[in-house]
1. Exposed loop trypsin sites (Lys or Arg not before Pro) only (DSSP loop, at most 15 other Cβ atoms within 10 Å): please give the longest stretch of the chain free of them, not including the sites.
2. Nothing charged except the Cβ atoms of Lys and Arg (+1) and of Asp and Glu (-1): what's the magnitude of the dipole of the chain about its Cα centre? Round to the nearest 20 debye.
3. Taking the Cα atoms only, what angle lies between the long axis of helix 81-90 and the longest principal axis of the chain, rounded to 10 degrees?
4. I'd like the distance separating the alpha-carbon centroids of the stretch 224-265 and the stretch 122-154, in whole Å.
5. Could you work out the equivalent-ellipsoid semi-axes for the stretch 193-305, taking the square root of 5 times each eigenvalue of the Cα gyration tensor, largest first, in whole Å?
6. Just from its helices, what would the mean residue ellipticity at 222 nm be for the chain, if runs of 4 or more DSSP H residues each count -39500 (n - 2.57) and the sum is divided by every residue, rounded to the nearest 500 deg cm²/dmol?
7. How much length is gained on full extension from Gln80 to Asp285, taking 0.36 nm per residue of separation minus their Cα-Cα distance?
8. Rounding to the nearest 10 and keeping the result within 0 to 90°, find how far the Cα-based axis of helix 283-301 lies from the longest principal axis of the chain.
Amino acid sequence: MDIDANTLNQIAFSLAEHYQCVYYADIETGHYIVFADNIPQQDGKSEFPLEGEDFFADALKNGALFLHPDDMELMTAAYQKDTMLEKLAKNHSYSVSFRALIAGEVIHMRHVVTMCRDKKHVVFCLENVEAEFREKEEQLKKLASAKLQARTDELTGVKNSTAFKEFVDQLDARIAAKDRNLGFAVVMCDINDLKQTNDTRGHNSGDAEIREASRLICGTFQHSPVFRVGGDEFVVVLTGHDYAQRDVLMSVFHDVSNDNRRSGTGPVVAAGMAEFGYGDSKFSDVYQRADRLMYENKKATKGID
């Protein structure tokens, strides 16, 4: 079917309504035509040429006027003729995403490149994808928020048992790989008399005590992940600064808890600490030692609840 020039023009400009502009370029000669209704004007003239004799050279020259500086290297490589033809030989069409800098505002763009059926011409469509980018960014934020909520204890705001399992899996992988830089200690914490508080003063009081205990634990071990793994049980994995100061921090923690027990003005939390050593083949080896030491500490202060 033969199509006259006017019809082709209408088709091209209709496409350009979706895209910022559409380029039709001759691969061999470099001659090109631009179809666009929204190219910036100055003194009644287009700021960019609507026709030219060397698409690849002009694309780089014009791109320098609006490309984000951090994406110049990317687009300089993308606009190389040999690079385009190599990609088009593998795929009939491909796209390159980049950032434009227009009037000081960053706009996300996409350049879609398609080989024509005659294999002699290429169509370049420049698309504004800022709205698409913002939508994806918002979706990623919502997904990250959902993942965070799924791994956060609702009552205290610390990490929950799901996050704890994932953390343990990561540590076990490092232990299995014999990571020589791996050093950590496990602190097991258990709130004394929580059941009695719930039974005599109600669960609201019990929840308040859990939150106070969480603040005490987080306030002592400020540089380590804290997990609530049960109703009155917390696990802290000491790393970095806290690991280096583990003995001092444990002493401070016991002193505060004992002061609270004597004065009756704060949470009483039994705690036990165990360090990862050469005889440990998995996280649970350290965890179980810390758990036993926590119960010994509980017996020494008040007896098992």
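1. On the way: sites that count: Arg117, Lys119, Lys120, Lys178, Arg180, Lys282, Lys302.
Between exposed loop sites, the widest span is 1-116.
2. Values: 35 positive and 49 negative charges, 323 e Å.
Computed charge dipole of the chain: roughly 1540 debye.
3. 70
4. Using only Cα atoms, the two centres lie 38 Å from each other.
5. Working: eigenvalues 123, 46, 37 Å².
Working through the eigenvalues yields semi-axes of 25, 15, 14 Å.
6. On the way: 11 runs with 148 residues, N = 305.
After summing the helix terms and dividing by the residues of the chain, the value is -15500 deg cm²/dmol.
7. Numbers: separation 205, 0.36 × 205 = 73.80 nm, distance 5.86 nm.
Length gained between Gln80 and Asp285: 67.9 nm.
8. 40
Throughout, read-outs are computed from the coordinates displayed, never taken from laboratory work. Predicted, not measured: the structure shown is a model, and the values here were computed from it. Note: ideal-geometry Cβ built from the backbone for every residue, glycine included; neighbour counts use all protein chains shown.
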